[in-house]
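Here's the structure we're looking at; comments come further down.
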Amino acid sequence: MSLIRNESLTNASAPVFGLPLGISMNKSKRALFSLVLSAALCSFSGSLFAASLSDVFQVAESMNTNAKKSQAKIDRLNEETNQLLSDYKIVLKEIEGLRVYNRQLERQISSQEKEMVQLAQSIDEVTVIERQVSPLMERMIDYLDQFIGLDIPFLMTERRDRVERLREIMDRADVAVSEKFSQILRAYQIENEYGRTMETYGDTIEIDGTERIVDMLKVGRIALVYQTQDGESTGMWNVGSERYEEIDSSYESSIRQGIRMARQQATIDMLALPIMGPEVAQ
């Protein structure tokens with residue numbers, strides 16, 4: 001019995017897992033636990049490290065995206081700033097141009113104000129002149145009417161009507177004084193031109209107490225002759241007797257040729273016409 005007990009003790013003192021017999025089972029368990037714990041810690045640390053890198057990459061990517069957005073916003077603001085600066089420079093140029101234009105307008109306004117003062121003075125002077133011109137124009141019309149009455153009686157209806165129109169416009173307030181004066185001068189000019197023209201026209205005159213339709217020929221103011229349309233009678237205006245008188249038949253062809261010349265049916269040529277000599281002063 002004692003031998004068996006000793007063997008058991010001897011076996012109990014034999015090495016376990018290659019360890020010396022002096023190491024107890026508690027120490028082996030602690031070592032194994034430490035090894036397992038270290039492995040677990042290493043595994044946990046690796047997972048934690050991987051998770052940290054992923055977060056870092058996400059943060060970096062987010063920062064990069066935000067940086068791009070910020071740069072785009074900066075670029076947009078820069079463009080807007082440049083555009084505003086360009087618009088500002090344009091506005092400054094426009095303002096300067098408007099200042100120059102305003103100075104020019106001020107000079108023009110000043111000049112116009114001076115002209116207005118001068119114009120007002122001129123109007124006052126014109127008013128005075130108008131008061132003086134109106135009687136003058138009335139006298140000019142009267143002189144023209146008298147002149148026509150004393151002149152040889154050609155185109156009398158036309159000339160008398162012209163005088164009447166002048167008298168009518170003198171009473172019209174809607175016609176300027178300058179226009180009235182211009183019309184009177186035009187009438188004088190027409191009367192003056194009669195003395196340098198040769199004209200023919202149809203008229204009805206009294207011959208020996210009988211009214212006859214005749215062709216009149218006026219050569220300036222030196223001759224006023226007629227010829228009936230049938231050619232039977234030819235005559236002239238006698239200034240002394242102030243009536244129409246028949247003349248010698250020798251003038252018939254010459255007067256007929258003069259009428260054709262006045263109508264531009266024949267070339268201009270010399271004419272033999274009866275002309276009354278000047279009266280002897282008494």
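The values are calculated or read from the model by the stated rules, or taken from the named source; none is laboratory data. Given the structure is predicted, the values throughout are model-derived calculations rather than measurements. With ideal geometry, Cβ positions are generated from the backbone for all residues, glycine too; neighbour counts draw on all protein chains shown.
No other residue among R131, R160, R103, R76 is of a type outside the set (A, V, I, L, M, F, W, C), within 30 Å of W237 (Cβ to Cβ) and out of contact with any Cys (no Cβ under 8 Å at 6 or more places or on another chain) apart from R160. Condition check for R256 on (1) without any contact (Cβ under 8 Å) to a residue 12 or more places away in the chain; (2) more than 21 Å from M156 (Cβ to Cβ); (3) surrounded by 10 or more Cβ atoms within 10 Å (Cβ to Cβ): one failure, at (1).
Yes/no matrix, rows are residues, columns are (1) among the hydrophobic types (A, V, I, L, M, F, W, C); (2) farther than 30 Å from V219 by Cα; (3) loosely packed, with under 10 Cβ neighbours inside 10 Å:
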position: A67; (1), (2), (3): yes, yes, no
position: L77; (1), (2), (3): yes, yes, no
position: L84; (1), (2), (3): yes, yes, no
position: P135; (1), (2), (3): no, yes, yes
position: D145; (1), (2), (3): no, no, no
position: D161; (1), (2), (3): no, no, no
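Here A173 fulfils each of the conditions (1) hydrophobic (A, V, I, L, M, F, W, C); (2) surrounded by 11 or more Cβ atoms within 10 Å (Cβ to Cβ); (3) not in a helix (DSSP H, G or I) apart from (2). Taking the numbered list (1) in contact (Cβ under 8 Å) with a residue 60 or more places away in the chain; (2) of a type outside the set (D, E, K, R); (3) not in a strand (DSSP E or B) in turn, P274 passes all entries but (1). Checking Y226, Y244, Y251 one by one, the residue that is free of Cβ contacts under 8 Å to residues at least 40 places away in the same chain, hydroxyl-bearing (S, T, Y), buried (at least 16 other Cβ atoms within 10 Å of the Cβ) and assigned to a helix (DSSP H, G or I) is Y251 and no other. Being touching a residue at least 40 places away in the same chain (Cβ under 8 Å), of a type outside the set (A, V, I, L, M, F, W, C) and not in a strand (DSSP E or B) is a description that does not apply to G231.
Going residue by residue through region 171-193, is there one that turns out to be among the aromatic types (F, W, Y) and either modelled with pLDDT under 90 or closer than 25 Å to I268 by Cβ (or both)? No, the conditions are met nowhere in region 171-193. Selection of region 177-223 for residues being surrounded by 13 or more Cβ atoms within 10 Å (Cβ to Cβ), assigned to a strand (DSSP E or B) and free of Cβ contacts under 8 Å to residues at least 24 places away in the same chain yields D203, R212, V214.
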